[in-house]
Amino acid sequence: MEILKRAAIFFSGVLVYLFIFSAADYFITGTFLSKHYGITLALIIISGLCSNLLINRFLYRLCIIRSILYSFYSLLLLIGTVLILYLLQEAR
């Protein structure tokens, strides 16, 4: 049962990041994104970490250290998945 709880925490974190990325894509124009890509990406990641931290802390009632770790691990899971998909697409 503990494994299912951890999986739910990880995947809910990934969904939060995906929602923030899609909302940012909708609200930020393409010209601003192309000129300030690094700043925009950093702000999106920071807002995702903060959102995940609050969700993990208050929804799943985790301690602050575990909330930070699960937020960071969810980001790594999302980045790793995107990297693998990108490499598979480039191999074709």
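Read-outs throughout are calculated quantities, based only on the coordinates presented, and are distinct from any laboratory measurement. As the structure is a prediction and not an experimental result, all values here were calculated from the model. Cβ: placed from backbone, ideal geometry, glycine included. Neighbour counts: every protein chain shown.
Note on the chain: helix-only mean residue ellipticity at 222 nm, from DSSP H runs of 4+ residues weighted -39500 (n - 2.57) and normalised by residue number, equals -31000 deg cm²/dmol.
Every pair of different Cα atoms in the range 1-79 enters the Kirkwood calculation, which places the hydrodynamic radius at 13.1 Å. Model label points for LEU18 and VAL82, set 7 angstrom from Cα along the Cα-to-Cβ axis, are 1.3 nm apart.
Taking N as the residue count of the range 35-92, its C-alpha radius of gyration divided by 2.2 N^0.38 Å amounts to 1.39. Taking Cα centre as origin and charging only the Cβ of basic (Lys, Arg, +1) and acidic (Asp, Glu, -1) residues, the dipole magnitude of the chain rounds to 260 debye. Taking Cα atoms only, the orientation of helix 37-58 departs from the longest principal axis of the chain by about 20 degrees.
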